[in-house]
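Asker: Would you mind keeping the following structure in view while I ask a few things?
The values are calculated or read from the model by the stated rules, or taken from the named source; none is laboratory data. Since the model is a prediction, treat every value here as computed from it, not as a measurement. Heads up, the Cβs are rebuilt from the backbone with ideal geometry, glycines too, and the neighbour counts pull from every protein chain shown. Keep in mind that these areas ignore ligands, DNA and RNA; they rest on the heavy atoms of the full protein, side chains included. Shrake-Rupley method; radii C 1.70, N 1.55, O 1.52, S 1.80 Å.
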Amino acid sequence: ARPRSLLNKMSASHQLSVRGCVQERMLSGVLDGAGATSKGWMVLVVDASSMRTISSVVGMYDIMEKRITTVESITSKRQPLPEMDVIYLLKPTEESIDALLQDHSNPRKPLYSGVHLYFTTRVPDDAMAKIKSCGELLKRVKNFSEVNMDFVCPNSHAFHLDMPSSYRSLYLRPPGNNVVSLIADKLVTVCATLNEYPHIRFCKASGLCREVAQAVHEKLIEFMSNNPGWWFHGGQSHTARSRSTLLLLDRSSDPLTPLIHEFTYEAMVNDLLDVDGEKISYESENNKGQKETKDVLLNENDDLWCELRHMHIADVMTLLSDRIRGFVKSNGGAQLAQNAGSDMSLSEMATALKQLPEYRETMAKLSQHMHLAHKCMDAFGKQGLLEVSGVEQTMATGTDAEGKAPKAKALVDDLIDLLA
């Protein structure tokens with residue numbers, strides 16, 4: 001019988017966040033699993049989809065600690081390393097499977113030595129047939145597993161299905177569309193990773209939610225039949241907590257939110273600034289007064305970002321100002337003023353503290369987020385979002401700032417003024 005998944009053997013996995021569960025599966029399940037049967041350094045080969053999954057939960061340092069010397073793309077031309085074992089972590093698409101087989105098409109020039117095959121979701125039967133037909137590959141396989149990680153974790157308590165173009169497919173339904181099946185497959189990998197066999201609830205008025213619910217239910221039953229050793233919270237031997245609930249909603253349950261500006265810090269950074277994934281670049285002055293470009297990663301490794309991201313931008317500005325003021329007036333700032341022999345201004349002490357090694361990192365992080373918050377507020381003012389948000393709120397709620405129903409003509413006039 002072919003293996004269907006890499007079972008999570010950590011009984012305490014329920015204590016981890018969503019991101020923590022995926023990280024644990026990647027590091028312990030995939031990399032340690034391969035390392036247990038391979039000596040020396042290895043190569044990790046990924047496709048675009050699995051790379052997004054990996055990069056959302058682990059960094060290069062974490063990977064290199066597991067004896068991975070390099071991470072390469074399955075679609076790139078790669079240097080043969082016949083003395084090293086390889087770990088393939090792939091989504092089992094036709095393109096990735098064909099590239100995998102191409103790697104092992106020439107027995108006289110092997111690309112790698114031993115092979116560890118890990119797939120982010122269930123391998124379709126036709127793809128499995130292709131793998132079985134490649135004798136050169138089969139004789140090198142040391143591990144084969146479906147690890148159920150076909151989703152992305154941008155932070156500790158959230159995930160998405162990595163389907164940015166799914167809206168059109170969901171609602172227009174062009175011929176041959178299988179988007180509901182794809183969503184269900186991905187949700188099953190989420191449930192498998194979290195060891196959850198959830199009660200499924202959905203909005204009765206939504207035919208789309210009903211379809212997805214039915215598909216998830218059927219695919220979960222199939223997954224459980226193929227993995228008799230898999231356990232779930234609330235099952236017979238894991239009763240510490242009950243089964244979870246999967247609540248399915250579609251945009252019809254909340255059509256207004258995408259049409260209204262959001263003024264929390266994270267939303268404003270993504271809406272108003274030039275962000276590339278987690279990275280944002282901006283110009284600032286260094287200690288010599290020279291302009292330089294700084295690259296910043298806004299992710300779970302930035303504790304201050306995690307603290308601020310869901311706060312209203314006004315509260316962010318206040319908190320950062322108070323933190324900087326309190327930090328500058330702390331023992332370090334007082335000592336600087338004493339050494340200077342005179343009272344230093346707040347900005348002078350902040351600049352001086354940045355140059356001291358023991359304070360540099362904290363002040364740099366506070367200054368970084370203060371700079372980004374100011375850039376958000378600059379864009380807010382230039383785009384006239386205060387006036388825009390007022391009209392948005394009136395249209396969304398049916399009442400104006402005074403709690404009265406707006407007159408249609410006045411609302412139209414406001415819209416014309418904004419669009420002019």
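Asker: Which shape class applies to the chain: rounded if a/c is under 1.5, otherwise prolate when a/b exceeds b/c and oblate if not, where a ≥ b ≥ c are the square roots of the Cα gyration tensor eigenvalues?
Answerer: Oblate, because a/c is 1.5 or more while a/b does not exceed b/c.
Asker: Quick one: if the Förster radius is 30 Å, what FRET efficiency do residue 181 and residue 102 give, using the C-beta to C-beta distance and rounding to 0.05?
Answerer: The pair residue 181/residue 102 has a calculated efficiency of 0.65.
Asker: Please state the relative contact order of the chain as a whole percent: Cα pairs under 8 Å, 6+ residues apart?
Answerer: Averaging sequence separation for qualifying contacts and normalising by length gives 11 percent for the chain.
Asker: Sort 51-61, 82-92 by packing, meaning the average of other beta carbons within 10 Å per residue, with the highest value first. Walk me through the numbers before you get to the answer.
Answerer: On the way: 51-61: 17.3, 82-92: 20.6.
Per-residue Cβ counts within 10 Å, averaged per peptide and sorted highest first, yield 82-92, 51-61.
Asker: Could you work out what % of the accessible surface of the chain is carbon and sulfur, using a 1.4 angstrom probe and leaving DNA, RNA and ligands out of the count?
Answerer: Of the solvent-accessible surface of the chain, carbon and sulfur hold 52 percent.
Asker: 222 nm [θ] for the chain, helices only, -39500 (n - 2.57) per DSSP H run of 4+, per residue, to 500? Before the final figure, lay out each step's value.
Answerer: Values: 18 runs with 189 residues, N = 420.
It comes out at -13500 deg cm²/dmol, rounded to the nearest 500.
Asker: Moving to a separate point now. Just to be sure I understand the model, the point goes 7 Å from the Cα along the line to the Cβ. What's the resulting residue 364 to residue 62 distance in nm?
Answerer: Between residue 364 and residue 62, the label points sit 2.2 nm apart.
Asker: Something else: Any chance you could run the full-extension gain for residue 257 through residue 270? It's 0.36 nm times the residue separation minus the Cα-Cα distance, nm to one decimal.
Answerer: Numbers: separation 13, 0.36 × 13 = 4.68 nm, distance 1.56 nm.
Net length gain for the segment: 3.1 nm.
Asker: 7 Å from Cα along Cα→Cβ at both residue 397 and residue 297: what's the point-to-point distance in nm?
Answerer: Roughly 4.1 nm, to one decimal.
Asker: Let me ask something else. Report the antiparallel proportion of the DSSP beta bridges in the chain as a percent, rounded to a multiple of 5.
Answerer: Antiparallel bridges: around 35 percent, rounded to the nearest 5.
Asker: Relative to the present Cα-Cα distance, how much length would full extension add between residue 166 and residue 386 at 0.36 nm per residue of separation? If you can, show how the numbers build up before the last one.
Answerer: Working: separation 220, 0.36 × 220 = 79.20 nm, distance 3.17 nm.
Stretched fully, the residue 166-residue 386 segment lengthens by 76.0 nm.
Asker: Could you tell me whether the stretch 118-191 comes out rounded, prolate or oblate from its Cα gyration tensor? Rule is a ≥ b ≥ c as square roots of the eigenvalues, rounded for a/c under 1.5, then prolate if a/b exceeds b/c, otherwise oblate.
Answerer: Here the stretch 118-191 falls in the oblate category.
Asker: Same structure again: Beta carbons within 10 angstrom, averaged per residue: use that to sort the peptides 190-199, 27-36, 112-121, highest first.
Answerer: 112-121, 190-199, 27-36
Asker: Let me ask another. Name the helices (complete DSSP H segments) of the chain with a Cα length along the long axis of 20 Å or more and a Kyte-Doolittle mean of at least -0.5, or state none.
Answerer: 179-194, 207-226, 313-328
Asker: Taking the alpha-carbon centroid of each part, what is the distance from the stretch 100-146 to the stretch 11-81 in angstrom?
Answerer: 18 Å
Asker: Which value, in Å², gives the accessible area per residue of the chain when a 1.4 Å probe is used on the protein heavy atoms?
Answerer: I get 55 Å² per residue for this part.
Asker: Gain in length, residue 238 to residue 374, computed as 0.36 nm per residue apart minus the alpha-carbon separation, to one decimal in nm?
Answerer: 44.0 nm
Asker: Taking square-rooted eigenvalues a ≥ b ≥ c of the alpha carbon gyration tensor, is the stretch 264-328 rounded, prolate or oblate, where a/c under 1.5 means rounded and, failing that, a/b exceeding b/c means prolate?
Answerer: Oblate, because a/c is 1.5 or more while a/b does not exceed b/c.
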